[in-house]
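S.K.: One structure follows; several queries about it will come next.
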Amino acid sequence: LEESLREADRGAHPVDQMLTASLENLRHRAVRLAAQLGGTCRFAHLQATPLASPVAANGDPAGKLPSFGLTLAPRDMDSQALVAELESQPTLILGRIQQGQLVLDLRTVLPSQDAQIAAALESKVANA
């Protein structure tokens with residue numbers, strides 16, 4: 001929330017940034033994060049993945065925006081336990097479980113938060 005308010009003070013509302021982020025930008029960020037995290041060898045699965053972000057536009061809860069993010073499964077930790085750990089961070093990191101893997105949608109994350117996400121994932125998986 002604090003980061004979101006700082007972004008809003010700089011003239012760019014975070015929700016606008018998230019909704020208008022280009023698919024190419026999201027893909028680039030996902031590939032970069034996957035490469036950064038892939039060097040740790042602590043993930044049984046780690047991939048930059050095309051996604052569809054749910055949005056409620058014009059009252060239609062079924063609306064989707066193309067997106068990119070990460071799908072990952074830690075080697076020595078249950079994905080659901082990792083979600084719980086990430087949600088307890090000072091900077092809340094929300095993900096969802098699909099087919100036993102953690103899914104992080106980068107459309108819901110500001111670019112300035114990518115480093116925090118990488119650090120949190122590395123820390124939580126290293127301490128498993």
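The values are calculated or read from the model by the stated rules, or taken from the named source; none is laboratory data. This is a predicted model, so every value here is computed, not measured. Positions of Cβ are generated from backbone atoms using ideal geometry, with glycine treated the same way; all protein chains shown enter the neighbour counts.
S.K.: Spot the failing condition for residue 44; the list is (1) modelled with pLDDT of 90 or more; (2) under 14 Å from the mean Cα position of the chain (by Cα), and only one is missed.
M.R.: (2)
S.K.: Any residue at all in segment 111-119 that is crowded, with 17+ Cβ neighbours inside 10 Å and in contact with a strand residue (DSSP E or B) (Cβ under 6 Å, 6 or more places away or on another chain)?
M.R.: no
S.K.: I've got another one for you. Determine whether residue 72 is in contact (Cβ under 8 Å) with a residue 60 or more places away in the chain, more than 10 Å from the chain's Cα centre (by Cα) and under 21 Å from residue 41 (Cβ atoms).
M.R.: Numbers: in contact (Cβ under 8 Å) with a residue 60 or more places away in the chain: no; more than 10 Å from the chain's Cα centre (by Cα): yes; under 21 Å from residue 41 (Cβ atoms): yes.
So residue 72 does not fit the description; no.
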